[in-house]
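First up is the structure itself, then whatever we jot down about it.
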Amino acid sequence: MEFLPFVYLAYMFVSFYLLLLTLLLYFKNKQALFSHPKLTKEYSISIIIPTYNEEKTIVDTIKSVYNIDYSNIKEVFVVNDGSKDNTSLAVRKILNKYKNLKLIDKENSGKADSINQTLKKCTGELVVVLDADSYAFKESFKKMVGYFDDEKVGAVTAMCTPRNRSTLLEKLQVIEYKVIAFTRKLLEFIDSIYVVPGTAGMYRRKALEEIGGFDTKNITEDIEATWHLAKNGWKIRMCLSASVTTEVPNKLKPWYRQRRRWALGGLQCISKYKSYIFQNNMFGYFIVPFFTLGLFLGLIGMIIFLYVFGRRFLSSYLLTRYSLESSTALLNMNNFYITPSILNYFGLILLFLFFIFNIYVLSIMKDRILEKQSFFNLIFYMIVYLMVYPFTLIAAMIHYARKKNVWR
Amino acid sequence: MEIKNKHIFWEALILAIFIFASGVFLGYLLELNRTNDIITLYQNSELNLLDVQLQTDFIALNNLSCDIASNYIFSFAEKTYQDARLLEKYDDANKLSRGVILQHKKYDLLRARLWLNALDLNDRCGKRFVNVVYFYNYNTKDIETKAKQSIFSNRLSEIKASLSDSILLIPIAANLGSDSINYMMAEYNIGSVPAILIDEKTKVETIDQLKNIEQYLK
């Protein structure tokens with residue numbers, strides 16, 4: 001057999017295995033998908049909201065925090081990380097309106113450092129880190145804190161979905177966030193959640209202190225902190241019934257930059273923790289290899305696609321050129337005799353399975369996208385949107401090679 | 001990790017291997033079925049050619065009409081040309097199973113034999129048609145050669161459609177390591193493929209020459 005068909009088959013097998021793993025996890029644990037532990041104790045909570053140029057959203061975020069149905073919020077820190085807009089002024093205006101709301105104005109030093117500095121001032125048993133454009137739902141904290149009854153739980157994350165859902169790009173991100181939330185919850189059942197997203201994460205303060213807070217050198221400090229906690233044996237949990245909404249990029253450029261940053265942070269994490277692969281607990285046996293595989297599977301897929309597409313393109317170019325030069329028809333009836341190879345069938349079957357999987361996930365997540373819209377968005381998401389991902393990874397790799405680890 | 005999820009990696013792996021292997025096996029069977037179709041096609045062509053061979057020998061032996069002999073050769077050449085195109089498409093689609101190179105080689109040798117028959121007929125009966133032998137690379141992966149072959153092939157199809165009564169088109173794969181075909185190519189100084197040899201005198205090897213191929217066929 002030739003080499004390339006072997007690569008296709010290997011790629012398809014890995015994708016198929018991951019799909020089956022996800023489905024098995026779902027069918028074995030579907031009763032527990034949306035459940036959460038009973039609230040036995042209202043742990044004291046400190047909330048940290050790091051901000052940078054968020055004058056438009058910060059006030060609403062603070063309002064949403066004080067709207068949360070939880071009686072033991074000890075303090076809310078808004079950390080203004082050297083904003084160049086009127087973020088500080090906007091917070092000052094409402095400072096007296098809310099109990100225990102504290103503003104920290106500081107020089108710009110990055111998100112991770114802002115959280116770390118504030119962490120020293122926190123007195124709550126739990127610490128919630130909330131992005132300045134994220135709104136937590138009213139019941140979310142009550143649903144999340146129960147997980148901390150297990151003393152090994154170091155962090156809990158909630159389901160995060162986009163708040164802005166008008167443009168095509170935003171709608172595609174809705175699909176993406178829902179699918180990610182679903183699979184993340186499934187990963188909880190094998191102790192393999194690989195990120196507590198920065199949009200909203202609830203941490204045991206003791207756990208955060210144990211790992212020395214967030215890594216200021218990593219541009220996705222949320223992924224790094226999660227890996228660090230997992231490496232140290234802390235359990236990470238996800239509450240799918242607790243929701244947080246966030247503002248997602250509505251233009252291609254900021255979207256691209258965000259994804260590139262995520263990929264770059266991922267590469268930094270892989271580089272930092274590569275020595276733990278196949279060591280220790282689920283962190284070494286699954287989180288790092290799975291994350292690495294997930295990152296590079298897309299890249300391999302893109303390389304295969306570019307290779308095949310490139311050959312087709314070159315072939316079409318040569319055919320057209322020779323056809324013009326020799327005054328010969330480019331196509332005749334014989335060219336329309338199509339005999340697809342078995343690999344074409346396999347590829348189509350796999351694509352179809354992923355399509356069904358996504359529809360199924362969205363129906364489980366009760367997404368209105370299925371009621372309101374045609375399947376166009378979903379097809380576009382699978383065929384175009386996901387195809388762009390590897391490009392962000394390549395850009396991140398170039399940045400990584402050049403040591404351009406910039407946060408904004 | 002809960003007990004019910006403890007073995008999930010192995011369970012998924014076993015399930016994936018089982019389903020995937022079943023899929024690959026089915027694919028292999030499907031390709032094998034295709035291969036059998038190809039072999040049947042080759043075998044039919046081989047029989048047809050032997051038939052033509054016997055007919056022409058019989059005609060020569062009994063001094064029968066050159067028209068009849070010519071018709072036999074013509075109809076067979078037409079069929080082998082169409083078969084060759086179909087077989088190429090089939091061959092290209094096979095990814096999991098073995099190719100049919102041996103059958104193809106045999107088939108090409110028989111077509112070379114057809115060419116010699118045609119030469120013999122022209123000697124005995126006078127020039128009755130233009131011999132057009134098309135040398136190409138079987139199952140080539142080189143994009144440029146593939147594109148060139150496609151255009152050569154399309155051009156020959158056009159010519160075949162417009163001059164069907166006066167040309168005998170015989171495609172022969174040049175890269176199957178057959179000594180006799182290599183010898184024939186060397187004899188006519190065919191250095192690169194695709195190439196068209198017209199009446200054992202004129203060679204068409206470039207796109208420019210292909211453009212003006214009609215003038216060589218007159």
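The values are calculated or read from the model by the stated rules, or taken from the named source; none is laboratory data. It should be emphasised that the depicted structure is a prediction, and the values quoted were computed from it without experimental measurement. Cβ: placed from backbone, ideal geometry, glycine included. Neighbour counts: every protein chain shown. These accessible areas exclude ligands, DNA and RNA; they are computed on the full protein's heavy atoms, side chains included. Shrake-Rupley method; radii C 1.70, N 1.55, O 1.52, S 1.80 Å.
Looking at A:Ile62, A:Ile47 in this structure, which one is part of a helix (DSSP H, G or I) and in contact with a strand residue (DSSP E or B) (Cβ under 8 Å, 6 or more places away or on another chain)?
Working: A:Ile47 fails: part of a helix (DSSP H, G or I).
Checking each option against the conditions leaves just A:Ile62.
Here A:Ile94 does not qualify as over 30 Å from A:Tyr360 (Cβ atoms), surrounded by 17 or more Cβ atoms within 10 Å (Cβ to Cβ), away from chain B (no Cβ under 14 Å) and touching a helix residue (DSSP H, G or I) at 6+ places or on another chain (Cβ under 9 Å).
Pairing each residue of the stretch A:296-315 that is farther than 18 Å from B:Ser150 by Cβ with any residue that is among the polar types (S, T, N, Q) and open to solvent by less than 80 Å² (accessible area, probe 1.4 Å), provided the two are 6+ apart or on different chains, yields C-beta distances under 8 Å for A:Leu297/A:Ser15.
Evaluated against (1) farther than 30 Å from B:Ile151 by Cα; (2) modelled with pLDDT under 90, A:Gly265 falls short on exactly one condition, (2).
When the stretch A:5-22 is examined, which residues are found to be of a type outside the set (Ser, Thr, Tyr) and either open to solvent by 50 Å² or more (accessible area, probe 1.4 Å) or within 8 Å of chain B (Cβ to nearest Cβ) (or both)? Reasoning before the result, please.
Initial filter on the stretch A:5-22 (of a type outside the set (Ser, Thr, Tyr)): A:5-7, A:9-10, A:12-14, A:16, A:18-21.
If the condition is that a residue be of a type outside the set (Ser, Thr, Tyr) and either open to solvent by 50 Å² or more (accessible area, probe 1.4 Å) or within 8 Å of chain B (Cβ to nearest Cβ) (or both), then A:Pro5, A:Phe6, A:Leu9, A:Met12, A:Phe13, A:Phe16, A:Leu20, A:Leu21 are the ones that fit.
Among the helices (runs of 4 or more DSSP H) confined to the stretch A:126-227, the ones with at least 3 residues that are open to solvent by 10 Å² or more (accessible area, probe 1.4 Å) and under 25 Å from A:Lys251 (Cβ atoms) are located at A:168-188. Taking each residue of the stretch B:13-40 that is under 23 Å from B:Asp83 (Cα atoms) and away from chain A (no Cβ under 11 Å) and looking for partners that are open to solvent by 30 Å² or more (accessible area, probe 1.4 Å) and assigned to a helix (DSSP H, G or I) with beta-carbon atoms closer than 7 Å, six or more apart or interchain, yields B:Ile39/B:Gln103. Among the residues of the stretch A:303-333, how many are assigned to a helix (DSSP H, G or I), open to solvent by 40 Å² or more (accessible area, probe 1.4 Å) and either at pLDDT below 90 or more than 7 Å from every other protein chain (Cβ to nearest Cβ) (or both)? Within the stretch A:303-333, residues that are assigned to a helix (DSSP H, G or I), open to solvent by 40 Å² or more (accessible area, probe 1.4 Å) and either at pLDDT below 90 or more than 7 Å from every other protein chain (Cβ to nearest Cβ) (or both) number 16. In the set A:Lys99, A:Lys106, which member is at pLDDT below 90 and either open to solvent by 20 Å² or more (accessible area, probe 1.4 Å) or hydrophobic (A, V, I, L, M, F, W, C) (or both)? Selected residue: A:Lys99, the only one of A:Lys99, A:Lys106 that is at pLDDT below 90 and either open to solvent by 20 Å² or more (accessible area, probe 1.4 Å) or hydrophobic (A, V, I, L, M, F, W, C) (or both).
If you scan the stretch A:191-208, which residues turn out to be touching a Phe, Trp or Tyr at 6+ places or on another chain (Cβ under 7 Å) and more than 14 Å from chain B (Cβ to nearest Cβ)? First the steps, then the outcome.
Pass one, the stretch A:191-208, residues touching a Phe, Trp or Tyr at 6+ places or on another chain (Cβ under 7 Å): A:192, A:194, A:204, A:207.
Correct list: A:Tyr194, A:Arg204, A:Ala207.
The single condition from (1) closer than 29 Å to A:Phe291 by Cα; (2) in contact with a helix residue (DSSP H, G or I) (Cβ under 7 Å, 6 or more places away or on another chain) that A:Gly110 fails is (2).
Going by what's in this entry, would B:Ser192 be described as closer than 23 Å to A:Ser315 by Cβ, free of Cβ contacts under 8 Å to residues at least 40 places away in the same chain and not charged (D, E, K, R)? Walk me through it before giving the result.
Numbers: closer than 23 Å to A:Ser315 by Cβ: yes; free of Cβ contacts under 8 Å to residues at least 40 places away in the same chain: yes; not charged (D, E, K, R): yes.
So B:Ser192 passes the test.
Within the stretch A:238-253, does at least one residue satisfy the condition of being touching an Asp or Glu at 6+ places or on another chain (Cβ under 8 Å), without any contact (Cβ under 8 Å) to a residue 60 or more places away in the chain and in a helix (DSSP H, G or I)? Scanning the stretch A:238-253, I find no residue that is touching an Asp or Glu at 6+ places or on another chain (Cβ under 8 Å), without any contact (Cβ under 8 Å) to a residue 60 or more places away in the chain and in a helix (DSSP H, G or I), so the answer is no.
A search for C-beta distances below 6 Å between a residue of the stretch A:135-159 that is farther than 17 Å from A:Gly198 by Cβ and any residue that is open to solvent by 10 Å² or more (accessible area, probe 1.4 Å) and assigned to a helix (DSSP H, G or I), counting only pairs 6+ apart in sequence or on different chains, returns A:Val153/A:Tyr147. The lone criterion from (1) within 20 Å of A:Leu130 (Cα to Cα); (2) crowded, with 24+ Cβ neighbours inside 10 Å left unmet by A:Ser241 is number (2).
Under the condition of being free of Cβ contacts under 8 Å to residues at least 60 places away in the same chain and either open to solvent by less than 30 Å² (accessible area, probe 1.4 Å) or of a type in the set (Gly, Ala, Ser) (or both), the residues counted in the stretch A:254-270 number 3.
The residue that is modelled with the highest pLDDT, counting only those in the stretch A:360-369 that are surrounded by 15 or more Cβ atoms within 10 Å (Cβ to Cβ) and out of contact with any Phe, Trp or Tyr (no Cβ under 7 Å at 6 or more places or on another chain), is A:Leu362. On inspection, B:Gly99 qualifies as in a loop (DSSP other than H, G, I, E, B) and either more than 9 Å from chain A (Cβ to nearest Cβ) or at pLDDT 80 or above (or both).
Under the condition of being part of a helix (DSSP H, G or I) and either open to solvent by 20 Å² or more (accessible area, probe 1.4 Å) or among the β-branched types (Val, Ile, Thr) (or both), which residue from the stretch A:27-44 is nearest to the other protein chains (Cβ to nearest Cβ)?
Step one: list which residues in the stretch A:27-44 are part of a helix (DSSP H, G or I), which gives A:27-32.
From what's left, either open to solvent by 20 Å² or more (accessible area, probe 1.4 Å) or among the β-branched types (Val, Ile, Thr) (or both): A:27-28, A:30-32.
Working: A:Phe27: 10, A:Lys28: 5, A:Lys30: 12, A:Gln31: 11, A:Ala32: 9 Å.
That would be A:Lys28.
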